[in-house]
Protein chains: 4
Amino acid sequence: MRALRLQGDVGIEHLEIVDLPAPEPGLGEVRVRVTAASLNYRDLALVEAPFNRDRLPFAPLSDACGVVEAVGPGVTRVAVGERVASMFFPNWIAGGPTAERQANALGGGGTGVAQTQVVLSAEGVAKAPASLSDGEVACLPCAALTAWRALAVEGQITAGETVLLQGTGGVSIFALQFAKAAGATVIITSSSDEKLERAKGLGADHLINYRADPEWGRTAKRLTGGVGVDHVLEVGGAGTLPQSLRALRVGGHLSGIGMLAGGGAGVDFSTLFRGNARIHGITVGSREQFEAMGRAIEANVLRPVIGERFRFEDAQAAFRRMKAGEHFGKIVLDF
Amino acid sequence: MRALRLQGDVGIEHLEIVDLPAPEPGLGEVRVRVTAASLNYRDLALVEAPFNRDRLPFAPLSDACGVVEAVGPGVTRVAVGERVASMFFPNWIAGGPTAERQANALGGGGTGVAQTQVVLSAEGVAKAPASLSDGEVACLPCAALTAWRALAVEGQITAGETVLLQGTGGVSIFALQFAKAAGATVIITSSSDEKLERAKGLGADHLINYRADPEWGRTAKRLTGGVGVDHVLEVGGAGTLPQSLRALRVGGHLSGIGMLAGGGAGVDFSTLFRGNARIHGITVGSREQFEAMGRAIEANVLRPVIGERFRFEDAQAAFRRMKAGEHFGKIVLDF
Amino acid sequence: MRALRLQGDVGIEHLEIVDLPAPEPGLGEVRVRVTAASLNYRDLALVEAPFNRDRLPFAPLSDACGVVEAVGPGVTRVAVGERVASMFFPNWIAGGPTAERQANALGGGGTGVAQTQVVLSAEGVAKAPASLSDGEVACLPCAALTAWRALAVEGQITAGETVLLQGTGGVSIFALQFAKAAGATVIITSSSDEKLERAKGLGADHLINYRADPEWGRTAKRLTGGVGVDHVLEVGGAGTLPQSLRALRVGGHLSGIGMLAGGGAGVDFSTLFRGNARIHGITVGSREQFEAMGRAIEANVLRPVIGERFRFEDAQAAFRRMKAGEHFGKIVLDF
Amino acid sequence: MRALRLQGDVGIEHLEIVDLPAPEPGLGEVRVRVTAASLNYRDLALVEAPFNRDRLPFAPLSDACGVVEAVGPGVTRVAVGERVASMFFPNWIAGGPTAERQANALGGGGTGVAQTQVVLSAEGVAKAPASLSDGEVACLPCAALTAWRALAVEGQITAGETVLLQGTGGVSIFALQFAKAAGATVIITSSSDEKLERAKGLGADHLINYRADPEWGRTAKRLTGGVGVDHVLEVGGAGTLPQSLRALRVGGHLSGIGMLAGGGAGVDFSTLFRGNARIHGITVGSREQFEAMGRAIEANVLRPVIGERFRFEDAQAAFRRMKAGEHFGKIVLDF
């Protein structure tokens, strides 16, 4: 099989496609022939992270669509020939987050899916929604499930509520689609008027160019008649949180998207709590949540927004595109 | 003012429009000039109920739209000139149901809204959604709020779930609209193919003529791939509950709509609990829930479905239409 | 190994202890040497059920404590030497109830634990609470978890709430202990003043002899100052539900315990829904819920109440004791 | 009447008792003869806050017990002679927090209760738990309700869970009592071994002197077997939050107590969200929550811990005691 590996050093230029023997599925495992994969910002961060020098060669990517081509002993849950998506957390089947369930995330130092064949836990794959192409399915495991968990699971979004979204990356665009499917109103920010127009085409109700309007939190609140928005998906981190809190209604819900959030400067403590916000740290979700999301995608004929497609062989170019930050929606690798 | 009163005896033919002195709003009260009202099945039941002979003259109807024309001492919450809806339970502002909050329902023996002017508690009215006409607003207080509470509040309906609805009366048609706005799939039953076609026009995904298919519960389950539906709005009572339970998935949600449900023969105990259903008895809802529903209606540009309109003066005809049971959606009185 | 089997025909007298070859654990399985087991009413019902004639020989019992003595290939979750409890539903690890998760309950026609050695799924056992003896651990899998799920999970019981319990069988006595540990007030019924006194010794606040007081539902409501109780554990079925509903406050929570509930005559539909009750059908629970219950048992030093103990060899006598219905708490078999 | 007022300037030394005409209750109001009041840290902060120079004379305190001695027109909810507690947020009756419901907190610039007679909204008082003395009732409105909402309402605390509490001020000591009543395990910190011993006497399971153990968050986690605590009541603010997050389990619940929290240095964004915490900003609670808390207090015979008592006339001394920060539990003023 051919596999993308970070080797020699960290950095995009050290990503190489190498030939390796195809792995065999063990007890409770399946081997999947990968047909498409997608990139998340986390993948770029890990490829460039100095601490990953200790883990080379490193196998990137968590999100894949593929077809089961072999099953190991004891596997009855899935059969050869089934089209599946990889689960970001192979051990998180159902229930709330725990350290054990969030262990061994794909593409985080152990198994990565950027290879033509990959062995996964039989429990760690989910049936692909039939309405989607392979490339679309590959967009779901991390970004879509993060947005779904934030809004539908932890936020229990209800028709008529208002959602504030930041930027037009993968998580925010999925959140836009899920929010509109659920009957909510969407306010979205970007530094690009062109991207805002594309978001409008996907159903966004209110557009704010945060370059032109650095007080976008106040603007968002004003758009709700002064009450404040019901939900914020905070993907920007310390730099944007103050505006997010300004936008949020008293008792509103804020999702802190762990994987995307930058660290650095902090958030004032009393500002954080004064508005009686409900805040959830969100790191992807469970297979059960993925399956519920799949039903929502099929029932509402939602199509993941793919901003760019690259051949697997051009993975370096895909990572550079992620780094440029100019994309809209997801970046996909076709195998 | 002119007011509809049941007097002399129970029965539709004993409904009369009488002239009465216009009431003055007391402490914490407002006087509303009624512009439209709507009928619910409960109103018919009460007009015909033998036990109401003890409460004559009886003032029917709970659901009105109108304009505040006078406010009593101490009222700051609403102002003269505001367009409002009457609240079915004037004392239920927020929180869960309690005996106190569900006391003194309109049209239940005390105040009724079928009159040109009515005095209501200032807390017991809500701002009318701006996107709706007066007649449409008058459809909301009982039927719409019942459907909203069943699905959005107690059921926490999520995109991708499946809802089974019975018939095409007011509650079911509002539930159809709310379910579709929330991204759910709808299965609806009726004895009339023509009404099923109208429901399809409103977004219903699957239609079942229960005359042609008495095993409609099993059919509904099959339509979900054998898993069962996520939500049932049980409006038919003892006669339909067995099929509803057959349709429901393990752990699914069933709303028992108290006001509409007939009594009579019972439900087998073990059948009721075997599927680990979550069951909520539902009797309308709170003002806070009404306000959230209003936001959903405005955001999704939902329009209540008015099946029939009558002049206030023709109230008897409106009640007869309700009794015939041939209508689709709501029956409205225009003032 | 020696194993209890129902063979020849249904009925307690057809329970026999037979010698069988010890089973070997397969992929993902463990073999447990059973040290204690407990009986539930369901076990009796299944031993006597005519439909079980088609499933003879039948292996009874779901609830055991034991020690892992061998593990099959691929098992890392538990190790030889660990003391464990059997899980009633071996496939229900976490999340809400589903048909799949509730399939293959122990003692229901497939594997039963009334044998000296039993092979179980490695996922279908949980660590035994260290504070309990083997006999006490054997009381937990069905009755305790049912009571825990009813009150702590679905009922989200809160300090200061009031719980109405029916009788002094296993589920009710566990519910009494969990309710008191959670700071709730307990009203309990029995036909025996002596049993009521024993319940008082375990913390019950109010005692009602339902023989002496057939209107016990009204009495329970009066004990709450006329508001009604917050929770009912309905274990009696159609015969007791009307009184339970009379006792319940508007918006209160009723748990219908599926396994114990008799069928037969039904419940009036409108009575069921009028009080806006929240009703959950309850059939045991998940391993995750069992583990949370175990923490509560250890933290509060709760000790399961064992009413009677029998040697494994005297299993027929234990079943006869269950049938007599005179016991208080659990009936345990020692191996 | 005699009333405590901050006048001339901010600072404890500017608190004076003045004679003022007794106020008359207006529409929907009651006049309460105050028998006891309690101090919260917030009261000290407001007395010393420079921005309060614009609001002099300022009427301090929110927490009182008293007897209704007169009712205004339209008041039916309470009667003369009833013993009541003042509600911190007079407008927050039920439902979640909103800006409107959290407006006009007592002791925040409008009405304060440190006076022999005070006029309050009839909706803004609650029946005093009968099991408590006047001084004990006066401890409840702010500190107890904050702890109750954090644990019982937002945290849905369950028997067997573990709670980490910081220090021995009013909120933490109430949280200790509520947590123990609910069957939870409590870890508490203090800089004083003597206070830790007193906390042990109230039921605390684990004691940490944070002076001796600056890595107390890690210690708390170790005490849970490495899993982490289920709940933290964060009352210390930016200085303690990092240790709190270290102690919390993945998916654990953290209550940020708004009124007590200092501002200043911030919290690293990714640390905040990485553990998938559920975080609630908490500012006191609703009357409905107060009433539920009252039932828990009565059912579990909980007694508020009064650390110090002062005569109303010695209010300055009481504020100085609060400032010294050496107290344990609540500081009460007797009238």
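Details
- Karplus-based coupling profile of segment D:297-302, in residue order and whole Hz: 5, 5, 5, 9, 6, 7, with θ = phi - 60° in 6.51 cos²θ - 1.76 cosθ + 1.60 and x standing for Gly or Pro.
- For segment A:185-216, GluC sites (Glu not before Pro) are listed when DSSP marks them as loop and at most 14 other Cβ atoms sit within 10 Å of their Cβ; the list is A:GLU215.
- Whole-Hz couplings from phi, Karplus 6.51/-1.76/1.60, listed for segment A:52-60; x for Gly and Pro: 7, 4, 7, 10, 7, x, 10, 9, x
- Distance violations [Cα-Cα > 30 Å] among C:LYS180/D:LYS195; B:LYS127/C:LYS221; C:LYS180/D:LYS323; C:LYS127/D:LYS221; A:LYS127/A:LYS330: B:LYS127/C:LYS221; C:LYS180/D:LYS323
- Stokes-Einstein diffusion of the protein assembly as shown at 37 °C, 0.692 mPa s viscosity, Kirkwood radius from Cα pairs, rounded to a whole number: 99 µm²/s.
- For C:VAL71, residues with placed amide H under 5 Å, excluding near neighbours: C:ARG31
- Checking every one of the trypsin sites (Lys or Arg not before Pro) in segment A:203-252 against DSSP loop status and a limit of 16 other Cβ atoms within 10 Å picks out A:ARG211.
- As a length-normalised measure over Cα pairs under 8 Å and 6 or more apart, the relative contact order of segment A:1-83 settles at 36 percent.
- Projected label distance in nm at D:SER191 and B:ALA45, using a 7 Å step from Cα toward the beta-carbon: 6.5
- What the phi angles of segment C:73-90 give under the Karplus curve with 6.51, -1.76 and 1.60, with θ = phi - 60°, is a coupling list of x, x, 8, 10, 5, 10, 10, 4, x, 6, 8, 9, 10, 6, 9, 3, 9, x Hz, glycine and proline written as x.
- Using every pair of distinct Cα positions in segment A:144-281, the Kirkwood expression returns a hydrodynamic radius of 14.4 angstrom.
- The amide H of B:ILE306, built 1.01 Å from its N in the peptide plane, has B:LYS330 as neighbours under 5 Å, considering only residues 5 or more places off or on other chains.
- With the simple model of a label 7 Å out from the Cα in the direction of the Cβ, D:GLU313 to C:GLU24 spans 9.2 nm.
- Per-copy distances of the D:GLN156 label point, shortest first, in nm (7 angstrom along Cα→Cβ): 0.5, 0.6, 0.7
- The Cα center of segment B:153-222 and the Cα center of segment C:183-210 differ in position by 47 Å.
- For chain D, accessible area per residue (1.4 Å probe, heavy atoms of protein chains only), Å²: 35
- In nanometers and ordered shortest first, the copy-to-copy spacing of the B:ALA212 label point, defined 7 Å from Cα toward Cβ, is 5.5, 6.3, 8.1.
- Over chain D, the hull volume per residue, using the convex hull of the C-alpha atoms, is 127 Å³.
- Between chain D and chain C, roughly 1000 Å² of accessible surface gets buried, counting both sides and using a 1.4 Å probe.
- Other-chain or far-sequence residues with amide H under 5 Å of A:ASN104's (modelled H): none
- Counting protein heavy atoms only, segment A:144-281 has 48 percent of its accessible area on carbon and sulfur, 1.4 angstrom probe.
- Segment D:214-335: radius of gyration and largest Cα-Cα distance (Dmax), Å: 17.7, 51
- Relative contact order (%) - segment D:61-160, alpha-carbon pairs under 8 angstrom, separation at least six: 34
- Spacing of the modelled spin labels on B:ARG2 and D:ALA103, each 7 Å from Cα toward Cβ, amounts to 4.0 nm.
- The length gained by stretching the chain between A:ALA130 and A:LYS200 to full extension, at 0.36 nm per residue less their Cα-Cα distance, is 22.5 nm.
The values are calculated or read from the model by the stated rules, or taken from the named source; none is laboratory data. As the structure is a computational prediction, the values presented were derived from the model and not from experiment. Please note: Cβ atoms are built from the backbone with ideal geometry, for glycine as well, and neighbour counts cover all protein chains shown. Each accessible area value is taken on the protein alone, full model and side chains, heavy atoms only, with ligands, DNA and RNA left out. Shrake-Rupley method; radii C 1.70, N 1.55, O 1.52, S 1.80 Å.
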